Amino acid sequence: MKKILVANRGEIAIRVMKSAREMGIKTVAVFSEADRQSPHVRYADEAVCIGPAASKESYLLGEKIIAVAKSLDVDGIHPGYGFLSENANFARLVEEAGITFIGPTPEAIEVMGSKLAAKEAAKKFDIPMVPGSEGAITDVAEAKVIADKIGYPILIKASAGGGGKGMRIVENAEEFEEQMNRAQSEAINAFGDGSVFMEKFVGSPKHIEVQILGDNYGNIVYLFERECSVQRRHQKVVEEAPSSCLTPEVRKAIGEAAVNVGKSCAYIGAGTVEFLVDEQLNFYFLEMNTRLQVEHPVTEMITGVDLVKEQIKIARGERLSFEQEDLQMRGHAVELRVYAEDPMNNFLPDIGELKQYTKPEGPGVRVDDGYEEGMSIPIYYDPMLAKLIAYGADREEAIQRLLRAIDDYKIVGVKTTLAFGKFVLQHPDFVTGKFDTHFVAKNFSSELLKTEHEDEMEIAALFAADFVEKKAAKDIVSNLTTQAASTSNWRKNRLGMRG
Ligand code: MV4
């Protein structure tokens, strides 16, 4: 493989190109008109504009991207995450064009893209699953009989679902029909496929996912787990590896279950198997993501494995260079997703120019991003600015490093979730590992961010008053102004300053 095209943008495009470069492979970027000035375009050896800003007219144009790849003699296409990464048809078209798709087979993408098909495939491998309906539910009366057997509350899910869409909790038999109808029509609207199934509702689960790698020769290994329980409306906020709650025995069991899910669809490449884990550490297979995930860096940091390089080597037809016994975890890694959103205003996406953008550095800190100072954040794409990742010998050191890195991160011009991240990482329930998927809903309100910084501002004001008395007023005011400007807009707003 001599040349790879990355069918993506932003941080993940750059992330993929970095590994390709290290392997002596040339890179091709594609970009939309909104991304002409983006770092991923400059980072590539060659770059081609594929259309207007809207994803549907650029990053989602599979055939156009393949045509670009052909014209530039590209050997492999890496889809990144999102966009075309889990589009079985795109994977098929790439292969038909004589280009290697750096990812799983179209068949594996298809099976795992349907939750019903995924569960059906996994069943043959004795994977623990939440009690539920065998297959789709169509008949209400029949479904109610099963629901009575499992016990309420139950959860109705869309087979084609993702991100919580088409999910409905049913508390009792009386509301079953109504909720089932709602789930079905939501699923038709969102996915064009109204098939739904049901599961027993697990009340306070942790979300734990296992990274796997499979080669073309039937070898599949697990690279341990990531815990992604801190989410806000199905958007992940903090991810870490390893999970703070698993025992070595459960880790091995869940890892082996994940490998079996991989075997159930003859998985090739990097994939992630998601599980719900209850308070007694029972785990249940949820679904499989057939792509490189956003949060893959925490796994890289604790295993020392470059997952993108492994994807490329696998796509080149190489055998895995390690067996399960060769893999070890070392230390702890925590990732914070930094979004251009306003946590004080219901996480409304914020756009604008990055007037100041200074990244944190230093021991154990990694920043995967796709923006730089002076750039404008486009409205067309995901509002994630960067992934801030910290590694430490243990969880406490990783968290402390991440907190330090948040303080060292200077972003001016757009509102970000950095302060919200700080709130999460300092929360006693996060620090002690006593959290589940309800963490944000249970613990966060924007008032809490306000209060936290009111204290800070009070202290600053006291200092200022003291200095005024000492006739150093000018100094402290200019000092505070600079500090406020270099942190973020809400500080400035709280100080009642402008500009
Ligand atoms: C569940 C569940 C409880 N019980 N299934 C949400 C997204 C979809 N991928 C699966 N999800 C859930 N499935 C049963 N049987 C709770 C969730 C869930 C959730 C899962 C992972 C991470 C965050 C979540 C937030 C709310 C609900």
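FYI, it's all coordinate maths here, none of it is from the lab. No experiment lies behind these values; they were computed from the predicted model shown. Here Cβ is always computed from backbone atoms with ideal geometry, including for glycine, and neighbour counts include all displayed protein chains.
Give the long-range amide H neighbours of residue 291: residues separated by 5 or more places, or on another chain, with amide H under 5 Å away, using H modelled in the peptide plane at 1.01 Å from N.
Residues meeting the amide H criterion: 272.
Starting at the first residue of the range 363-368, write each ³J(HN,Hα) from the Karplus equation 6.51 cos²θ - 1.76 cosθ + 1.60 with θ = phi - 60°, in whole Hz, x for Gly and Pro.
Taking θ as phi minus 60°, the curve returns x, x, 10, 10, 10, 9 Hz for the range 363-368.
Kindly provide the helix-only [θ] at 222 nm of the chain, computed as the sum of -39,500 (n - 2.57) over DSSP H runs of four or more divided by all residues, to the nearest 500 deg cm²/dmol?
-11500 deg cm²/dmol
Rounded to whole Hz and in sequence order, give me ³J(HN,Hα) for the range 320-327 from the Karplus expression 6.51 cos²θ - 1.76 cosθ + 1.60, θ = phi - 60°, writing x for Gly and Pro.
Taking θ as phi minus 60°, the curve returns 4, 8, 9, 10, 3, 5, 6, 8 Hz for the range 320-327.
Indicate the gyration tensor shape class of the range 51-116 (rounded, prolate or oblate), computed on the Cα atoms with a ≥ b ≥ c the square roots of the eigenvalues: a/c under 1.5 is rounded; otherwise a/b larger than b/c is prolate and the rest oblate.
oblate
Can you list residues from other chains, or at least 5 along the same chain, whose modelled amide H is less than 5 Å from the amide H of residue 269?
Close amide H contacts, sequence-distant or interchain: 214, 215.
Mind listing which GluC sites (Glu not before Pro) in the range 87-178 are in a DSSP loop and have 14 or fewer other Cβ atoms within 10 Å?
Those that pass, being in a loop and sparsely packed, are 134, 171.
Between residue 173 and residue 442, 0.36 nm times their residue separation minus their Cα-Cα distance comes to what?
94.1 nm
Take residue 123 and residue 56, extend 7 Å from each Cα along the Cα→Cβ direction, and tell me the distance between the two endpoints in nm.
The answer from the label model is 3.7 nm.
If one computes the Cα centroid of the range 104-162 and of the range 311-337, what distance in Å separates the two points?
About 30 Å separates the Cα centre of the range 104-162 from the one of the range 311-337.
Leaving out same-chain residues fewer than 8 places away, which lysines sit with a Cα under 23 Å from that of residue 450?
Result set, ordered by chain and number: 236, 410, 415, 422, 442, 492.
What aspartates and glutamates sit close enough to residue 144 to cross-link, taking a C-alpha to C-alpha distance under 18 Å and skipping anything fewer than 8 places away on the same chain?
By straight Cα distance, residue 144 reaches 134, 171, 174, 175, 177, 178, 199.
For the range 288-314, list residues with backbone N below 12 Å from a point placed 7 Å from the Cα of residue 23 toward its Cβ?
306-314
If r is the Cβ-Cβ distance from residue 393 to residue 253 and R0 is 25 Å, what FRET efficiency results, to the nearest 0.05?
Numbers: r = 26 Å, r/R0 = 1.04.
Once the sixth-power term is evaluated, E becomes 0.45.
Taking each full run of DSSP H in the chain as one helix, which ones are at least 30 Å long along their axis (Cα atoms) and have mean Kyte-Doolittle hydropathy of at least -1.0?
446-469
Debye calculation, C-alpha points only, no solvent: report log10 I(q)/I(0) for the chain at q = 0.05, 0.07, 0.13 Å⁻¹, in the same order as the q values.
At q = 0.05, 0.07, 0.13 Å⁻¹ the computed log10 ratios are -0.21, -0.41, -1.34.
Please give the length that would be gained between residue 95 and residue 70 if that part of the chain were fully extended, namely 0.36 nm times their separation in residues minus their C-alpha to C-alpha distance (nm, one decimal). Working shown, then result.
On the way: separation 25, 0.36 × 25 = 9.00 nm, distance 1.16 nm.
Between residue 95 and residue 70, full extension yields 7.8 nm more.
Express in nm, to one decimal, how much length is gained between residue 325 and residue 379 on full extension, taking 0.36 nm for each residue of separation and deducting their alpha carbon distance.
Gain in length upon complete extension: 14.9 nm.
Across the range 341-460, how large is the tail of the calculated P(r) beyond 22 Å, expressed as a percent of all Cα pairs?
Percentage above 22 Å: 41.
So if I take the centroid of the Cα atoms in the range 196-248 and the same for the range 348-406, what is the distance between those two points in Å?
23 Å
Longest span of the chain, sites excluded, free of trypsin sites (Lys or Arg not before Pro) in DSSP loop with at most 13 other C-beta atoms within 10 Å?
125-232
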